[in-house]
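Input: a single structure, listed below in structure tokens.
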Amino acid sequence: MKLWVFHSVVILEGKFLQMGILEMLAEDVVLGDGGYIVELEKRGYVIAGAFTPELALEYPSAIRELHVEFLRAGSEVLQVMAFYGSRSKLETVGQADRTFEINQKTTQIAKDVAGDKALVAGDLSATWKWEDGNDAGNAAIAGIFDEQIEAQEGVDFFIGETFWHLGEALLCLERIKAKSNLPAMITMSFRATTETDDGYSAADCARMLADAGAEIVGANCMRDPVHTYPILDEMRDATDAYIAAQPVAHRTSDEVPWFTGTSAFPDKLEPTQMTRYEMADYAVKAKAMGVNFIGACCGTVAMHVREMAKVLGKFEEEQIWQPDPDKPMSETEFNWERRQES
């Protein structure tokens, strides 16, 4: 019988503590975190549907716990849980007047957990107010972004995510640079096709966002890793900027490559969740493709991030005890043996 040595995960700390995001990316790939609101719905804190972040004021400990889990699993960046935290989105759930307070609070939660162990990324996302050709209406979106940027004071850089329109993504980038002058990571989302709703290819998006000043460009959400790879290939070929990937950890298909288009969304997702080892395979492939910021989105929990950290070399194992091979505590030892031999 084999003697199995049990280990604990020890996150490698200290290498990047004095660096900003661009210095970190120049040294090595950076590991992001996972999904928040879908997981919070699973845990019983929010109702599937609106997915807005007012939870920061009602149950801040729930958000804090997810940050802690991702940090312990190896995340080098914690993203402020402000997805759909704009005044326009919060208005749909009667929380518009609390916009600044919600964004400020959720920023502080992330900063408190990160301490000097991880960077904190501010979070901006699609407002659902953008209309192609509506210059007057779209100009008002600048103020929506500005409010969130001001409320998320003290972050290390900003992520603008889940944009369906390149025009709105470019406006978000413009406001980040005007209001903060911090590094910006802008990621587009693609559903049925690899074009945005305003008709731009993934390559167009990467090139135009980089030319407009985004230091990091990429794709997030909607698609699983397999259906995100072609988009990342296009983006990598189109620009020398850093490339970011944050796919979902829910399997999608060639017929319906985006998870919100499946019958499983939003409240029957459990059978579609990818294994930790599938997400580890994604991390390896993404790095080989030249992706620089490797994170994940909806469905991604600490177990996924931990396996991604392992394969990216961002932790080491420490032996803490050895069971007696003749007196096992449980079937755990045998299960691990079968897995190692398979």
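Nothing in this text is a laboratory measurement; each read-out follows from the coordinates by a stated rule. If you're wondering where the values come from, they're calculated on a predicted model, not measured in any experiment. Positions of Cβ are backbone-derived with ideal geometry, glycine not excepted, and every protein chain shown enters the neighbour counts.
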Could you work out the relative contact order of region 30-122, using alpha carbon pairs under 8 angstrom and six or more residues apart, expressed as a whole percent?
-> 33
To the nearest 0.05, what FRET efficiency results for PHE100 and VAL311 with a Förster distance of 56 Å applied to their C-beta separation?
-> 0.90
Identify, among LEU78, ALA214, THR228, the residue whose Cα sits farthest towards the positive end of the charge dipole of the chain, taking +1 on the Cβ of Lys and Arg and -1 on the Cβ of Asp and Glu, with the dipole about the Cα centre.
-> LEU78
For the chain: relative contact order, % (alpha-carbon pairs under 8 angstrom, 6 or more apart) | 22
From the coordinates shown, Cα extents along the principal axes in Å corresponds to which of (1) 75, 44, 42; (2) 123, 37, 31; (3) 82, 68, 41 = (1)
Which FRET efficiency value, to the nearest 0.05, is calculated for TYR59 and ALA192 with the Förster distance at 51 angstrom and r the Cβ-Cβ distance?
-> 0.90
How far is the Cα center of region 19-75 from the Cα center of region 247-277, in Å?
-> 19
Using the Cα centre as the reference, give the magnitude of the dipole from point charges on the C-beta atoms of region 179-233 (Lys, Arg: +1; Asp, Glu: -1; all else neutral), rounded to the nearest 20 debye.
-> 160
Which pairs break 21 Å Cα to Cα here: LYS285/LYS310; LYS42/LYS268; LYS285/LYS314; LYS287/LYS310; LYS105/LYS177?
-> LYS105/LYS177
When you count, for each residue, the other Cβ atoms within 10 Å and take the mean per peptide, how do 132-138, 77-83 rank with the highest first?
-> 77-83, 132-138
Please work out the C-alpha center-to-center distance from region 181-218 to region 145-174 and express it in whole Å.
-> 13
Separation between the ALA50 and ASN134 pseudo-spin-labels, each 7 Å from Cα along Cα→Cβ, expressed in nm?
-> 2.1
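For a Förster distance of 56 Å, can you work out the FRET efficiency between the beta-carbons of ASP112 and MET289, rounded to the nearest 0.05?
On the way: r = 35 Å, r/R0 = 0.62.
Taking R0 as 56 Å, the efficiency between ASP112 and MET289 is 0.95.
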Counting helices only, and only those DSSP H runs with n ≥ 4, report the 222 nm mean residue ellipticity of the chain as the sum of -39,500 (n - 2.57) divided by its residues, in deg cm²/dmol to the nearest 500.
-> -12500 deg cm²/dmol
Bridge type composition, the chain - antiparallel percent by DSSP, nearest 5 = 25
Stretched fully, the stretch from GLU255 through GLU318 gains (0.36 nm per residue minus C-alpha distance, one decimal, in nm) 18.2 nm
Summing +1 for each Lys or Arg and -1 for each Asp or Glu, what net charge is found among the other residues whose Cβ lies under 12 Å from the Cβ of VAL68?
-> -1
Nearest 10 degrees, 0 to 90: what angle lies between the long axis of helix 166-179 and the longest principal axis of the chain (Cα atoms)?
-> 90
For region 214-324, what is the percent of antiparallel DSSP beta bridges, rounded to the nearest 5?
-> 20
So ALA142 and ARG72, fully extended at 0.36 nm per residue minus their Cα-Cα distance, gain in nm 21.6 nm
Candidate aspartates and glutamates - alpha carbon under 12 Å from LYS179, same-chain residues fewer than 8 apart omitted | ASP146, GLU147, GLU150, GLU153
So, relative contact order of region 95-239 in percent, Cα under 8 Å, 6 or more apart, is 20
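Assign unit charges at the C-beta atoms only (+1 for Lys and Arg, -1 for Asp and Glu), then state the dipole size of region 38-114 relative to its Cα centre in Debye, rounded to the nearest 20.
Roughly 60 debye, rounded to the nearest 20.
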Tilt relative to the chain, helix 302-311 - C-alpha long axis, 0 to 90 degrees, to 10 | 70
Assign unit charges at the C-beta atoms only (+1 for Lys and Arg, -1 for Asp and Glu), then state the dipole size of the chain relative to its Cα centre in Debye, rounded to the nearest 20.
-> 480
Rounded to the nearest 10, the angle in degrees between the Cα long axis of helix 276-289 and the longest principal axis of the Cα atoms of the chain comes to 60
